[in-house]
Amino acid sequence: MVKYMDIADSVLDLIGGTPIVRLTRVTEGIACPVVAKVETTNPGGSVKDRPALAMIEAAEQEGILQPGSTIIEPTSGNTGVGLAIVAAQRGYECVFVVTDKVSPEKVDLLKAYGAEVIVCPVDVPPEDPRSYYSTAERLVNENPKAFRPNQYGNPVNPESHYLTTGPEIWDQTDGRVTHFVAGAGTGGTLCGVGKYLKEQNPNVQIIAADPEGSVYSGGDGRPYLVEGVGEDFWPETYDPSIIDKVIAVSDAQSFYRAREVSRKEGLLIGGSCGTAVDVALTVAAELTEDDLVVVLLPDSGRGYLSKIFNDEWMTKYGFISDEGPHITEVIKSKGSEVPDLVYVQPDDTVTKAIELLHEYSLSRIIVAQGDLPLSAAEIKGTIDEAQLQIRSFEEGFLDMKCSEVMGPRLNYVGSGESIRSVLFKLEQDQTLIVMDKGRPSAVISASDILSFLQRPGENRNG
C-alpha cells in the first residue's frame, strides 16, 4: 500500500505549525514591522489546542486518565474546544463549566463536540460556590473517574508553548523577534513562549496585553466584557518574572481593534486578539524598523458574531452610535441635582433604599454589587415603590436586605442610541439603564426625554 506522507493520521497531528503574517494596513505610519502568529489555523480554531493536547497526553502517561474517565474543566470556551477535540479522538466524556459572559456561539460549539456545558455567573469571586472555578472543583470531587486538567495550575500548559509555540516563532522570524505580545489569561502562552525566547536572546521583551480590571494590570478582577483573557486571581501558570511589561486595554479599544483588523487585514479576530493587537501597535509605535514585534492572535472572531461584530449588540452596550441626536444629550441636560446613577448594594437594608428614593425623589432604584464604575454584570435588580408597598406589611421588612425584595434588573440602551429609538423602547419600560462603552452610566425615563425636548432650541426630530 502506498503511504501518503502528506496525509495526517488524525486531527491532532494538525495542531501547531501555525503561520505568521505581517500586518500592513493597521500599521500605517509605524516603522517597526508587526507580524501576527495566527493560531486560528489550529483544528479547534485557537491557541488552546496546544496545551489541551499536551495536558491530556501527560495525564495519560501518568495513568491519571484511563478509559471511562470524564474530563471536567472551567474554561472561557477555547480550552474546552481543544480538550473536546482530543477527547473525541481518545474516547473521553467532557463537562465544561463556563461563565455567563461567554458568547452563545462558544457554548453551542462545545455542545457540538458532544460536551456537557454548565453556565455559572461571572460576577462572583473564585471562592464563591457558584463560581465556575468552584463548580468545576465540586464536580470533580463528586465523580471518582473525573480528571481536571487545571489549565491555571498545570505546568504542562506553559511547557506546551515552550516546546512548540516559542520555537516556531523563533524559527519563523529567523531569530529577529525583539518583542512578543500576547494576552494574559492563564499565562501559559506568555510564559511558555517568553521563557523560550529569552533563552535564545535575553533582550527579547515579553509584553502582556490585559483587559482593564484584570489583576495583572492592577485591577481587582471585576467583570469586563472581553472574553478569554485577564483574570480575577493569580494562576500558578503565570510567572511574573518572565513578563517585562503589562499594558491594560479597555473593552471599547479591544473591540475597536478587533473590528478594524477584521475589516482592514481580512483577519476575522476576537476581542482578546483586539486587546493584543492594540498593545502590539502601542509598543511598535515607539520602536524602529530594526525591531520586530510578534503578536499572538489566539482565536477567530467567528465565536463573537453575536457580540463584537453585531452592530445592534455594540450599540446597546454603548460602543457605537446611531445617527441623529443621542440619548447622551438628554443625560447631560439633566443637571447635577441627582447623580446619573443612584443605587444600593444587595446587602444594604430596605431602609437605606427608601432613604435614597426619598432623598432624590425617585420611584425606582438600582441594586448593584460594587463601587463605581460598575460593570454590566454587577447590576442585580431594581426596587420600586410599588414593590415596597406590597412587601411593607411583612415582619422585619425595613431590615431586610435589598437582594431579598428586589425585582428584575432594568433593560439596557446604549449611550449612542437615538432619542427616537429610546423613546420607542420606553413605551415598554418605565426606565432604562444607559450603557456607555460597556458600563452602566445613567438611568433614563420618558419624562427625562420629554423635559429635554420641551426646552427651547432642542431638536424634536431626534
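The values are calculated or read from the model by the stated rules, or taken from the named source; none is laboratory data. Bear in mind that the values here come from a model prediction, so they are computed numbers and not experimental data. Methodologically, a virtual Cβ is constructed for each residue, glycine included, from the backbone with ideal geometry; neighbour enumeration extends over all protein chains shown.
In segment 149-188, how many are at pLDDT 95 or above, closer than 30 Å to L139 by Cα and among the aliphatic types (A, V, I, L, M)?
The total comes to 1.
Among the candidates I444, I433, I449, which residue alone is at pLDDT below 95, part of a strand (DSSP E or B) and either farther than 26 Å from I308 by Cα or in the same structural domain as G324 (by TED's automatic domain parsing) (or both)?
Unique residue meeting the criteria: I444.
Only one of V338, V413, V405 is among the aliphatic types (A, V, I, L, M), modelled with pLDDT under 90 and either closer than 27 Å to Y256 by Cβ or not assigned by TED's automatic domain parsing to the domain that holds R222 (or both); which?
Details: V413 fails: modelled with pLDDT under 90; V405 fails: modelled with pLDDT under 90.
Every option except V338 fails the conditions.
For every residue, the table says whether it meets (1) part of a helix (DSSP H, G or I); (2) of a type outside the set (D, E, K, R); (3) surrounded by fewer than 14 Cβ atoms within 10 Å (Cβ to Cβ).
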{"position": "I71", "(1), (2), (3)": "no, yes, no"}
{"position": "A84", "(1), (2), (3)": "yes, yes, no"}
{"position": "K111", "(1), (2), (3)": "yes, no, yes"}
{"position": "D123", "(1), (2), (3)": "no, no, no"}
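Just to be sure I understand the filter: pairs with C-beta atoms under 9 Å, separated by 6 or more residues or on different chains, first member in segment 154-183 and at positive phi, second member not small (G, A, S). Which pairs pass?
Between residues of segment 154-183 that are at positive phi and residues that are not small (G, A, S), the close pairs are G175/Q200; G175/N201.
Condition check: in a helix (DSSP H, G or I) and buried (at least 19 other Cβ atoms within 10 Å of the Cβ). Does L357 satisfy that?
It is true that L357 is in a helix (DSSP H, G or I) and buried (at least 19 other Cβ atoms within 10 Å of the Cβ).
Could you tell me whether V124 is under 18 Å from the mean Cα position of the chain (by Cα), without any contact (Cβ under 8 Å) to a residue 12 or more places away in the chain, at negative phi and not assigned by TED's automatic domain parsing to the domain that holds I243?
So V124 fits the description; yes.
Which of the residues belonging to segment 176-191 are outside any helix (DSSP H, G or I) and within 30 Å of V95 (Cβ to Cβ)?
Just the residues of segment 176-191 that are outside any helix (DSSP H, G or I), to begin with: 176-187.
Scanning segment 176-191 gives A182, G183, A184, G185, T186, G187.
L83 - would you say it is among the hydrophobic types (A, V, I, L, M, F, W, C), touching a residue at least 24 places away in the same chain (Cβ under 8 Å) and within 18 Å of G301 (Cβ to Cβ)? Write out each step before concluding.
Numbers: among the hydrophobic types (A, V, I, L, M, F, W, C): yes; touching a residue at least 24 places away in the same chain (Cβ under 8 Å): yes; within 18 Å of G301 (Cβ to Cβ): no.
No, not satisfied.
Residue by residue through segment 388-400, note down the ones that are more than 15 Å from L356 (Cβ to Cβ) and not β-branched (V, I, T).
Q389, R391, S392, F393, E394, E395, G396, F397, D399, M400 - these are the residues of segment 388-400 that are more than 15 Å from L356 (Cβ to Cβ) and not β-branched (V, I, T).
Is there a residue being under 30 Å from T288 (Cβ atoms) and surrounded by fewer than 17 Cβ atoms within 10 Å (Cβ to Cβ) anywhere in segment 45-52?
Checked segment 45-52: no residue is under 30 Å from T288 (Cβ atoms) and surrounded by fewer than 17 Cβ atoms within 10 Å (Cβ to Cβ).
Taking segment 19-64 as the search range and keeping residues that are within 24 Å of Y113 (Cβ to Cβ) and over 24 Å from the mean Cα position of the chain (by Cα), which one is modelled with the lowest pLDDT? Walk me through it before giving the result.
We begin by selecting, within segment 19-64, every residue within 24 Å of Y113 (Cβ to Cβ); these are 38-61, 64.
Cutting the leftovers down to over 24 Å from the mean Cα position of the chain (by Cα) gives us 54, 56-61, 64.
Values: A54: 98, I56: 97, E57: 97, A58: 97, A59: 96, E60: 95, Q61: 96, I64: 91.
Going through the qualifying residues, I end up with I64.
Could you check G16 against (1) in contact with a Leu (Cβ under 6 Å, 6 or more places away or on another chain); (2) farther than 19 Å from G266 by Cβ; (3) not aliphatic (A, V, I, L, M) and say which number it fails?
G16 satisfies all of (1) in contact with a Leu (Cβ under 6 Å, 6 or more places away or on another chain); (2) farther than 19 Å from G266 by Cβ; (3) not aliphatic (A, V, I, L, M) except (1).
Yes or no: segment 341-362 includes at least one residue that is under 21 Å from S445 (Cα atoms), in contact with an Asp or Glu (Cβ under 6 Å, 6 or more places away or on another chain) and assigned by TED's automatic domain parsing to the domain that holds E404.
Within segment 341-362, none of the residues are under 21 Å from S445 (Cα atoms), in contact with an Asp or Glu (Cβ under 6 Å, 6 or more places away or on another chain) and assigned by TED's automatic domain parsing to the domain that holds E404.
Out of all the residues in segment 87-106, which are buried (at least 24 other Cβ atoms within 10 Å of the Cβ), of a type in the set (A, V, I, L, M, F, W, C) and part of a helix (DSSP H, G or I)?
none
Can you name every residue in segment 125-175 that is of a type in the set (D, E) and outside any loop (DSSP other than H, G, I, E, B)?
E137, E142, E159, E168, D171
Consider I419 against the criteria (1) modelled with pLDDT of 90 or more; (2) surrounded by fewer than 15 Cβ atoms within 10 Å (Cβ to Cβ): it satisfies all of them except one. Which criterion is unmet?
Here I419 meets the rest and fails (2).
Within segment 192-245, how many residues are part of a helix (DSSP H, G or I), crowded, with 22+ Cβ neighbours inside 10 Å and not aliphatic (A, V, I, L, M)?
To start, the set of residues in segment 192-245 that are part of a helix (DSSP H, G or I) comprises 192-200, 215-217, 240-242.
Among the residues that remain, those that are also crowded, with 22+ Cβ neighbours inside 10 Å are: 192-194, 196-197, 216.
Now drop any that are not not aliphatic (A, V, I, L, M), which leaves 192, 194, 196, 216.
Counting residues in segment 192-245 that are part of a helix (DSSP H, G or I), crowded, with 22+ Cβ neighbours inside 10 Å and not aliphatic (A, V, I, L, M) gives 4.
Given the conditions (1) under 28 Å from V226 (Cα atoms); (2) part of a loop (DSSP other than H, G, I, E, B), report the number of the one that E395 does not fulfil.
Here E395 clears every test but (1).
Step by step: first the residues of segment 186-243, then only those that are closer than 27 Å to P373 by Cβ and of a type in the set (F, W, Y), then the one that is nearest to the chain's Cα centre (by Cα). Which residue is that?
Filtering first and then ranking leaves Y224.
Counting just the residues of segment 128-186 that are within 18 Å of A59 (Cβ to Cβ) and aliphatic (A, V, I, L, M), which one comes out surrounded by the fewest Cβ atoms within 10 Å (Cβ to Cβ)?
Filtering first and then ranking leaves L163.
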